[in-house]
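Let me begin by presenting the structure, written as structure tokens, before commenting on it.
FYI, it's all coordinate maths here, none of it is from the lab. This structure is a prediction, so every number in the text was calculated from the model and none was measured. So basically every Cβ, Gly included, is an ideal-geometry build from the backbone, and we count neighbours across all protein chains shown.
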Amino acid sequence: MLKRILSGSLLLAVGLYACKTKPPVSTTPAVRESQGVYQYVEEIPTRTGTQASAFFSDKKGVVGRNGMVATAHPISSEVGLSILQAGGNAVDAAVAVHFALAVVYPFAGNLGGGGFMVYRDQAGKAYTLDYREKASGRATQNMYLDSAGNVRPSLSILGHLASGVPGTVDGMVEAHKRFGKLTWAQVLQPAVDLAANGFLLTDRDATGLNRIKGDLLKINPDKTYFLRSTTPGDTVTWHKGDRLVQTDLAKTLQRIQTRGRADFYEGETARLLAEEMRRGGGLITEDDLKNYHATWRDPIQATYKNYKIITMPPTSSGGVALVQLMRFTEPYPLRKWGWNADSTVQVMIEAERRVYADRSKFLGDPDFVKIPMAELMSPDYLRTRWTDFSFARATDSKAVRGGTIPGYESLETTHFSIVDKEGNAVSITTTLNGGYGSRVVVGGAGFFMNNEMDDFSVKPGVPNMFGLIGNQANAIAPNKRMLSSMTPTIVEKDGKLFMVVGTPGGSTIITSVYQTILNVIEHGMSMQQAVNALKFHHQWLPDKTIFENGAFSDNTVLKLQERGYILEKLTNTLGRMDCVMVRPDGSYEGASDPRADNTARGW
Ligand code: DON
């Protein structure tokens, strides 16, 4: 299963990169200006118990005083910056970036997917918006099982049956309606222009599209969307620098620009989408679209030392899991032990093991299942989960089940972070699930549909594409949202905005966010260093720790192996973080992941 998890486009991990270099050794902190954007030269903190090359690359953070945008693609970052410079606030920029990503980053940017937004305004009030996809009203619990009760795995991943009802457009409408300053037409315009006039592909964009050519031809036999040649069936490959023009998508975006929600959920786009579903045997109907609404939820807010973690409640598992992880970790002197020293890693793995077991047992759509939120995050409960922990020996995952809570009845993605001049901060993670989603392109509308149905537990105990095992809490039901791991998060320090963090990566999202926060708080890294730092991951089952090459020193590997940990070195990478940190002087450090095209722009 792990092979499946780590293979193909479903993971962001795309091969080894040659740019892994040693970080600069202790330079004096200095700030130098270039093209209106400051390059930040950092001092590398001294760490014990690890080798020097703890970073994927020595990429530098970007510093700005008036605003910062960090996204997965250089063009969407530029769009966000231009909206901020035009007087837009962080939410205006976020909406513009979201739609721009749907054009320039079809790998995960989307109209046909969904996501979560965590927003903290300049006064410190926090909000979370759930615009996660929902199962169609026609979905059934066993829809992916054959007559013998076995899972038909590809059905929830490829093609029309794999899609949930998209939430992105309603989510952005809601966010903009409540907090936007510029007009809807203004924030949609960059995406319309990019789709109509085209944009130049990066090497990574071209490779991604070439990789899915086979699926495009198979699943969309009569269409030429995202193919280099406009002759059906022709397979000319894309190259870096080619221009991708998306005429139908431009028209779709224009309709959304003019009619907003009404177009996507009840108008021409709704009609095209439902027609596409009928043509390909999918379930989503006009009624499903009409009934879809994004939901404002109460943010999870929890303290860790003098920090506050503001994060996403269910339908994401990310927030609960992150708070559990931080609380398991809090009593231990990680800083003293050192970054990725054996004891540090051991505590983190054991926390992850228990947290993912709880995720599997308790978490699902809160509109459908009762989740014991307060109990799951309470120190008393977490203490009961830690009683079998020992530094002498790895806990066996088979012996770890979801915890016992009295009274409880059993039952490929992208992130961006934006902060504006006033200190309003947006943390958004959005997805089609796998790269390019179900690979179904909506005829006449020109956008990919998600394959988010695979995030449900299609059968209790059977792992999904990320190896996650679910149960009744995350079983399929009509109109239910599938559980997510997306963890858009904002961190306060001493009551003030401090960090905006998040990443794609399926089940590894939670642990990448956890490590990135600890890298800053406990290990004294800058935001960019925390992103560059190599990462590891454990998710209860399968019972092994995967790690990026170089994340563990020989000493850490040896000690962990002696204590019974199964370690697996990745040939690819973990996470694609886009983060912002407020520096002591009030300026912003934008940090974008060196593992891909991610770019931070500030002013
Ligand atoms: O919501 C989730 O947890 C997944 N659909 C996220 C997928 C993802 O991050 C894909 N990228 N690797």
Mean projection of the alpha-carbon convex hull of region 82-132 over all orientations, in nm²? 4.0
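For the peptides 320-327, 224-231, 91-98, what is the packing order when you average, over each peptide's residues, the other Cβ atoms within 10 Å and list the highest mean first?
On the way: 320-327: 25.4, 224-231: 15.5, 91-98: 30.8.
Those peptides, ordered most packed to least, come out 91-98, 320-327, 224-231.
Going by average Cβ density within 10 Å per residue, which order do the peptides 367-374, 165-172 take, highest to lowest?
Answer by packing, highest mean first, reads 165-172, 367-374.
Among the listed pairs LYS134/LYS459; LYS125/LYS361; LYS308/LYS398; LYS59/LYS544; LYS60/LYS559, give every one whose C-alpha distance is greater than 23 Å. Show your work: numbers first, answer last.
On the way: LYS134/LYS459 18 Å; LYS125/LYS361 31 Å; LYS308/LYS398 33 Å; LYS59/LYS544 30 Å; LYS60/LYS559 32 Å.
Pairs exceeding the cut-off: LYS125/LYS361; LYS308/LYS398; LYS59/LYS544; LYS60/LYS559.
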Sort all Cα-Cα distances of region 267-318 into consecutive 10 angstrom bins from zero, then give the percent of pairs in each bin up to the one containing the longest distance. 20, 28, 20, 18, 12, 2
Rounded to whole Å, sorted largest first: equivalent-ellipsoid semi-axes of the chain, Cα gyration tensor: 34, 29, 23
For TYR307, the net charge from surrounding residues (Cβ-Cβ under 15 Å; K, R +1; D, E -1) works out to +3
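Could you tell me which of rounded, prolate or oblate describes region 93-183, using a ≥ b ≥ c as the square roots of the eigenvalues of the alpha-carbon gyration tensor, with rounded for a/c under 1.5 and, failing that, prolate when a/b is larger than b/c and oblate otherwise?
Numbers: a/c = 3.27, a/b = 2.20, b/c = 1.49.
In terms of gyration-tensor shape, prolate.
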Which three extents, in angstrom, do the Cα atoms of region 227-272 have along their principal axes, listed largest first? 37, 23, 11
Let me know the shape class of region 511-603, please: from the alpha-carbon gyration tensor, a ≥ b ≥ c as square roots of the eigenvalues, rounded when a/c is under 1.5, otherwise prolate if a/b is greater than b/c, or oblate. prolate
Protection proxy ranking, peptides 337-349, 467-479, average beta carbon neighbours within 10 Å, highest first: 337-349, 467-479
Residues whose modelled amide H sits under 5 Å from the amide H of ALA533, counting only those 5 or more places away in sequence or on another chain, are PHE56
Using alpha carbons only, how many angstrom separate the centre of region 430-465 from the centre of region 549-571? 33
